[in-house]
Amino acid sequence: MDSLRRLEEIFAKFPGIGPRQARRFVYYLLNKSPSSIKEFTDLVLEVKKSTTECERCHRFFIGMNGKNIGALCSICSDANRDNSLLMVVARDSDFETVEKSGAYRGFYFILGGTVPILDKEPDKRIRLKSLLERIGEEKRL
């Protein structure tokens, strides 16, 4: 398989992107200058390197020093949040939508996807075990 088709396949794996849209992405990039492509790839690498996952809610955020193991995001570190509220959302994008509204002042838990009802082992696709641990921690507090 040639590199054009491989790149199309990679883009087609993005959520909500089908083969036609993936092909458009490839041709868009082909029409960009080498400096634009370098800026794009450098930025992807920088985001990957500087982003970490919050230990409590599992959302991605830009860490202080890159990969901060055990680091908490600004939401989980905020003492002004309502400790009695925990909203479970499927993905980081869902968190951002709720947080942007400004109507919710509790904490979050990013499940990592939707609950696979027919899946015999949902723990492999979502953070169910981690969620149950988090709920157990909150009960002890």
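The values are calculated or read from the model by the stated rules, or taken from the named source; none is laboratory data. Note that this is a predicted model, so its numbers are computed, not measured. Counting neighbours? That spans all protein chains shown, and the Cβs are built from the backbone with ideal geometry, glycine included.
For the structure I just gave you, tell me whether K100 is modelled with pLDDT under 75 and either over 26 Å from P15 (Cα atoms) or surrounded by fewer than 16 Cβ atoms within 10 Å (Cβ to Cβ) (or both).
no
Based on this model, can you work out whether I135 counts as of a type in the set (V, I, T) and either at pLDDT below 90 or in a helix (DSSP H, G or I) (or both)?
When the stated conditions are applied, I135 passes them.
Determine if the stretch 52-72 includes at least one residue that is modelled with pLDDT of 75 or more, in a loop (DSSP other than H, G, I, E, B) and aromatic (F, W, Y).
Scanning the stretch 52-72 turns up no residue that is modelled with pLDDT of 75 or more, in a loop (DSSP other than H, G, I, E, B) and aromatic (F, W, Y).
If you check E55 against the conditions, is it loosely packed, with under 15 Cβ neighbours inside 10 Å, closer than 18 Å to G112 by Cβ and among the charged types (D, E, K, R)?
yes
For every residue, the table says whether it meets (1) under 15 Å from the mean Cα position of the chain (by Cα); (2) among the acidic types (D, E).
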position	(1), (2)
S3	no, no
P15	yes, no
Q21	no, no
Y28	no, no
E39	no, yes
V44	yes, no
R59	yes, no
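Would a scan of the stretch 37-51 turn up a residue that is under 17 Å from E137 (Cβ atoms) and surrounded by 11 or more Cβ atoms within 10 Å (Cβ to Cβ)?
no
If we scan the stretch 42-50, do we find a residue that is at pLDDT 95 or above, closer than 25 Å to G16 by Cα and of a type in the set (D, E, K, R)?
Yes, the stretch 42-50 contains a residue that is at pLDDT 95 or above, closer than 25 Å to G16 by Cα and of a type in the set (D, E, K, R).
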